[in-house]
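Everything below concerns the one structure shown next.
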Amino acid sequence: MCYRTKLNSKLSEIEKAFEGRFIEPDAYTPMEEINAFTFSKTPVITDENRGEIQMYNWGLIPFWAKDDKIRKMTLNAKIETVDEKPAFRNSVNNRCLVIADGYYEWQWLDPAGKNKQKYLLLPKEQEIFAFAGIYSSWKDPGTNELVNSYSILTTEANELMSKIHNNKKRMPVVLRKEDRKHWLEGKDVESFAFPYEVELTAREVS
């Protein structure tokens, strides 16, 4: 799965990498580690506004939700079942790029996972990259606030990630640079399932 990411790049570097502009530049704060369970706002590009970089909450809230409690279970969406699960199936065609410059995963060093080694994963050919994401807009019935949120798609782990994420053997879908537009344009979800992958490097983190 993918619950810790990194986006420590400068705002100007992100805008250059994605040929877009931040709508709320003051809302962006570089972070060495983003914890999914804080449901933070992070930069995304949606299929509807491809030249704009917006701030969406991590943890997809479907439009029909009565409250936001579901978001702790929708941080990731399995690519194999995303079009079937009630929480995601209405958002499969709402595509977004979730911007990052790294993500973290833990390798279990014993069967119970009491001892773990943390790794930072980086694509070899992209300093700033995008996860394949889907998004939703939800109106809080208590406050009428509109909340835009997203989920990162995950797929079967490749050889490297099978060794690192050795308890679940999953990995987030990191898009090749040339496929960002294909994702946003609605290319079949199945096309981005493993063996689709980008080459990654792994670095131990203390």
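Taken together, the values in this text are just the output of simple stated rules run on the coordinates, not laboratory data. Since the structure is predicted, the reported quantities are computational estimates derived from the model, not experimental observations. Heads up, the Cβs are rebuilt from the backbone with ideal geometry, glycines too, and the neighbour counts pull from every protein chain shown.
Mind checking segment 101-131 for GluC sites (Glu not before Pro) that DSSP puts in a loop (not H, G, I, E or B) and that have at most 13 other Cβ atoms within 10 Å? Write out the running numbers ahead of the final one.
Details: sites: 105, 125, 127; in loops: 125, 127.
Those satisfying the criteria are 125, 127.
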What nm distance separates the two modelled labels at residue 48 and residue 63, each placed 7 Å from Cα along Cα→Cβ?
-> 0.9
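Go ahead and run the numbers for FRET between residue 125 and residue 146, Cβ-Cβ distance against an R0 of 45 Å, rounding to 0.05. Write out the running numbers ahead of the final one.
Numbers: r = 37 Å, r/R0 = 0.81.
Here the calculated transfer efficiency is 0.80.
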Just tell me which aspartates and glutamates come within less than 16 Å, Cα to Cα, of residue 41; anything on the same chain fewer than 8 places away is out.
-> 24, 26, 32, 33, 52, 68, 101, 145
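Past 23 Å, Cα to Cα: identify those pairs from 78/114; 78/139; 78/177; 72/177; 85/118, in the order given.
From the list (78/114; 78/139; 78/177; 72/177; 85/118), the Cα-Cα distance tops 23 Å for 78/114; 78/139; 72/177; 85/118.
With +1 on each Lys and Arg Cβ and -1 on each Asp and Glu Cβ, and nothing else charged, work out how big the dipole of segment 57-116 is about its Cα centre, in Debye to the nearest 20.
Numbers: 10 positive and 8 negative charges, 45 e Å.
Approximately 220 debye in magnitude.
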Under a cut-off of 20 Å between alpha-carbon atoms, report the lysines in cross-link reach of residue 116, not counting same-chain residues fewer than 8 places apart.
-> 6, 163, 168, 169
Note to self, the chain gives a 222 nm [θ] from helices alone (DSSP H runs n ≥ 4, -39500 (n - 2.57) apiece, / all residues, nearest 500) of -2000 deg cm²/dmol
Does segment 3-118 classify as rounded, prolate or oblate by the C-alpha gyration tensor (a ≥ b ≥ c root eigenvalues; a/c under 1.5 gives rounded; else a/b over b/c gives prolate, otherwise oblate)?
-> oblate
